[in-house]
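Worksheet for the structure shown next.
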Amino acid sequence: HWAHFNMAPPDPIIGLNEAYNKDDSPDKVNVGVGAYRCDQGAPYVLPVVREAEKAIIAEGMDHEYSGIAGDPDFVNLALKFVYGDDCAALREKRVAGVQTLSGTGGLRVFGETLATFGHKHIYVPNPTWGNHIPIFTNAGLEVRKYRYYDNDTCSLDFSNLIDDMRAMPEGSCILLHACAHNPTGMDPTVDQWKDISDVALERNLLPFFDSAYQGFASGDARKDAAAVRMFVEEGHNIAVVQSFSKNFGLYGQRVGALSVVAAEPDEASRVLSQLKVHIRPSYSNPPRHGARIVTKILADPEKTNDFVDQCMGMAKRIDGMRYELRQALEGLGSSRSWDHVTSQIGMFAYSGLTKDQVVALREKHHIYCTLDGRISMAGVTSNNVEYIARAIHDVTGG
Ligand code: PLP
Ligand code: TYF
């Protein structure tokens, strides 16, 4: 049966873990996959997550199926988290929401639903999170790119972004990273978001926000949701996919939500029914445990405060490492500017290293980052920052 199955290439991001695990150098450093590590390099479970888990076990929860749309309490809290408590669209009950298999699952469900309702293509930024492309291709959409980043200046390519938006066919769906753009770490300013919103209204585009880093980018969940909230206030009927992998550190639990803002409640119910039509034959219903953890936390103001503090702690450690990495490179007398390492936000430093330099980093120094030069700052620690700086200095030729 399987003789004609050829070997598929490893995933460009996840495959790095396999290569890293096989490397037996004591110096090896994993700055590939975006998963937070504490300053000792170990995975981190938020204390408030541990507390919530204990409470869930103590309550003797059962393991019955969720509904197709998941846990309604979780969905309501997730929507408040991103849209804000005072969001008019939520109050007017015109937001359709479902629990999803984290961000990835929500992107896929929405992509499939768009394809069913006549969308032929979707626009994503260039560059974008690598998985966006196969997710939407497999959902049946042609993936088109809009200009986003200027490699020469290491900054947002804003005028070309706006030009590309103006050239999009009316009604097109445009994927936007809500905050902490992956991989560049470069977001539009508030004024630039306003311009993006204006052009999207002019062209009747459908803004679709991928929110994978709320709270993780600035440490302030409200600030990180500012673009999403602005678009709703400006009257867009947006869609949003939320991941709770990074901010709550619940990577393997697959906790997420997909929501669609509609013009009125009846439209929202119809959209919801169609999302469920895609979920049922795909995985039937989402898992319960991770959603219970987030629900326990967001339903309790005290636990929510603890979450905010602990999420801020992660954001701050990453920020500190950005400064240390930049200082170490400058201290070594690097002839390049490393300003972008500290001006970028979120989990990654989009270093500007070439593919050859990335390969040299791996082969000579046992440091694993993606071929586009994206370094996960979450894997940088007080112990390895100097080593990483020396290696980067070496492969960039001083
Ligand atoms: N979207 C973006 C931009 C991401 O960076 C990620 C994870 O790295 C995701 C979505 C999806 O992650 P998950 O499926 O764990 O929520
Ligand atoms: O590092 C990144 O950009 C992501 C991380 O199921 C990731 O690819 C890993 C596993 C997963 C989703 C995202």
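Only the coordinates and a few stated rules stand behind these numbers; no lab work does. These numbers were taken from a predicted model, which means no experiment stands behind them. Here the Cβ positions follow ideal geometry from the backbone for every residue, glycine too, while neighbour counts run over all protein chains shown.
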Exercise. Can you run phi through the Karplus equation (6.51, -1.76, 1.60; θ = phi - 60°) for the range 69-75 and list ³J(HN,Hα) in whole Hz, with x for Gly and Pro?
Worked result: 8, x, 7, x, 5, 4, 4
Exercise. Say each of D62 and D150 gets a label point 7 Å from the Cα, pointing the same way as Cα to Cβ; how far apart are those two points in nm?
Worked result: 6.1 nm
Problem set entry | Nitroxide proxy distance, nm - points 7 Å out along Cα→Cβ at A55 and R270 | 4.0 nm
For this session: Arrange S218, S102, S273 by Cβ neighbour counts within 10 Å, fewest through most, would you?
Result: S273, S218, S102
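Which semi-axes, in whole Å and largest first, does the equivalent ellipsoid of the chain have when worked out from the alpha carbon gyration tensor as the square roots of 5 times its eigenvalues?
Working: eigenvalues 225, 130, 93 Å².
Semi-axes, largest first: 34, 26, 22 Å.
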Exercise. Which three lengths, in whole Å and largest first, does the range 296-398 cover when its Cα atoms are put on their principal axes?
Worked result: 52, 24, 22
Problem set entry | Cα gyration tensor, the range 233-374 - rounded (a/c under 1.5), prolate or oblate | prolate
Problem set entry | Two-decimal Rg/Rh across the range 1-154, once Rg and the Kirkwood Rh are taken from alpha-carbon atoms | 1.02
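Share of antiparallel DSSP beta bridges in the chain, in percent to the nearest 5?
Rounded to the nearest five, the antiparallel share is 50 percent.
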Seminar exercise, completed: Counting sequence-distant residues (5 or more places) and residues on other chains, those with an amide H built under 5 Å from that of S155 are D150
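How would D210, D157 line up from fewest to most surrounding beta-carbon atoms within 10 angstrom? Can you show the working numbers first?
Values: D210 26, D157 20.
Listing D210, D157 from fewest to most nearby Cβ atoms yields D157, D210.
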For this session: Measure of size requested: the Rg and Dmax of the range 65-299, with Cα atoms as the atom set and Å as the unit; please supply both.
Result: 16.5, 52
For this session: For the range 155-169, just list the computed ³J(HN,Hα) in residue order, Karplus coefficients 6.51, -1.76 and 1.60, θ = phi - 60°, integers in Hz, with x standing in for Gly and Pro.
Result: 8, 5, 8, 5, 5, 6, 4, 5, 4, 5, 5, 5, 8, 6, x
For this session: Find which of I57, Y44, N76 sits farthest along the positive direction of the dipole of the chain, computed with +1 on the beta-carbon of Lys and Arg, -1 on that of Asp and Glu, about the Cα centre.
Result: I57
For this session: Evaluate the distance, in nm, between pseudo-label points positioned 7 Å from the Cα of S25 and of K194 along their respective Cα→Cβ axes.
Result: 4.9 nm
Problem set entry | Alpha-carbon centroids, the range 37-110 and the range 324-398: separation in whole Å | 34 Å
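Assuming R0 = 41 Å, what is the FRET efficiency of V359 and K223, from their Cβ-Cβ distance, to the nearest 0.05? Display every interim value, and only then the final one.
Values: r = 37 Å, r/R0 = 0.91.
Given R0 = 41 Å and the Cβ-Cβ separation, E is 0.65.
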Exercise. Hey, any idea what Rg/Rh is for the range 315-358, computing Rh the Kirkwood way over Cα pairs?
Worked result: 0.97
Problem set entry | Separation between Cα centres of the range 1-36 and the range 167-245, rounded to whole Å | 31 Å
Exercise. Just in the range 48-142: which chymotrypsin sites (Phe, Trp or Tyr not before Pro) are loop by DSSP and have at most 15 other Cβ atoms within 10 Å?
Worked result: Y65, F117
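What 222 nm value per residue comes from the helices of the chain, counting each DSSP H run with n ≥ 4 as -39,500 (n - 2.57) and dividing by all residues, nearest 500 deg cm²/dmol?
Numbers: 16 runs with 175 residues, N = 398.
That comes out to -13500 deg cm²/dmol.
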